[in-house]
Amino acid sequence: MSEPPITLADIEATQAAVAPWIIETPVVRWGGREMAERVGAGTEVWLKLELMQVAGSFKPRGSLNNLLGLDAAALKRGVTGVSAGNHAIAVAYAARELGSNAKVVMPKTANPYRVARCRELGAEIVLMDDVALAFEEVKRIETEEGKTFVHPFEGRATILGTATVGLELMRQLPDLDAVVVPIGGGGLIAGIARAVKLINPDCAVYGVEPEGAQAMTKSLAAGEPQSIDAVRSIADSLGAPHAAPMSYALVREHVDEVVLVDDAALRSALALLYSERKLAAEPASAASTAALLGPLKDRLAGKRVALIVSGSNIDIESFAKHVSAGLAEGAA
């Protein structure tokens, strides 16, 4: 039996439920000289700063909502998740806050900073050789150890959590022309797009994928969820191995277009976020800025646009390396 449609009342109830453990992240107008020169002074650019969320990304919204739906016995058994970082951190945070325990599975290529953050939050960590093996291991933990699997981007509870980003944004900036959202598995944009279209159907929603991780682009072209064989992008937080049915269906229904950006564009946008707005973001967070500066520049000229800045879980050394490369490429 299919899930009932997500309503505005559902999203508002989720917002109230998770409110004790998250913050309402701010929106700020970009206002920088270089951005104005690159997109035109008539384009009004706003940033939704989910990188300032607890645990460093938007992910706790969905993780908390999943755990709030568990009974006492399930919370005692614990939860599990699979992630290159942000979702694992969020599951660890939600488990700690709600009196549960977390065992998270991460690929060995995960940023060491993110692994350390999970440990700081009390999670047990299992490292696997690649993402595919990580998904197999999390299934084993769920089956053999009885821990509840918290999906990184799929499912009603997860998408209701991400929809609260859209709810906040539309209340903070009610007259937007467009919202630009990074896409990994699709859970973030699925929730945001549903909320945005319920509140203001005339507001366009654009998704952005790295060229090296096109699971949603491939799925939309095929007409059904697809997998990719590998992730080849610096935006590892956007490296989902496949699209999934519910998030895919919401993207197909509500997202106006999905565009692609390459790693050079991500580095350049990351450098601009730092140089003009002093934001220490991870590469995935720069995807929306890269899209506005690139494939969406002309169609959003003169519009009032919000860019979702999704997370900040990155070590200083990697951040500095990407920003330095972005500044060098911009100067070339």
Taking the conditions exactly as written (part of a helix (DSSP H, G or I), in the same structural domain as residue 253 (by TED's automatic domain parsing) and in contact with a strand residue (DSSP E or B) (Cβ under 7 Å, 6 or more places away or on another chain)), does residue 159 satisfy them or not? no
Cβ-Cβ below 9 Å, separation at least six or inter-chain, first residue in the range 7-26 and in contact (Cβ under 8 Å) with a residue 40 or more places away in the chain, second in a loop (DSSP other than H, G, I, E, B) and of a type outside the set (A, V, I, L, M, F, W, C): which pairs? 10/4; 15/24; 22/53; 25/53
Residue list for the range 170-211, restricted to those being surrounded by 20 or more Cβ atoms within 10 Å (Cβ to Cβ), part of a loop (DSSP other than H, G, I, E, B) and touching an Asp or Glu at 6+ places or on another chain (Cβ under 7 Å): 183, 185, 203
Filter the range 121-156 for residues that are of a type in the set (A, V, I, L, M) and assigned to a loop (DSSP other than H, G, I, E, B) and give the result. 121, 123, 150
Looking at the range 297-311, which of its residues are surrounded by fewer than 24 Cβ atoms within 10 Å (Cβ to Cβ) and either free of Cβ contacts under 8 Å to residues at least 24 places away in the same chain or closer than 24 Å to residue 171 by Cα (or both)? 298, 299, 300, 301, 302, 303, 304
Condition (residue is among the polar types (S, T, N, Q) and within 21 Å of the chain's Cα centre (by Cα)) applied to the range 43-57: is it met by at least one residue? yes
Residue 113 aromatic (Phe, Trp, Tyr) and either surrounded by fewer than 20 Cβ atoms within 10 Å (Cβ to Cβ) or in contact with a Ser or Thr (Cβ under 6 Å, 6 or more places away or on another chain) (or both): yes
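The values are calculated or read from the model by the stated rules, or taken from the named source; none is laboratory data. From a predicted model like this one, the values you see are computed outputs, not experimental measurements. Quick reminder, even Gly has a Cβ in these numbers, built from the backbone with ideal geometry, and neighbours come from all protein chains shown.
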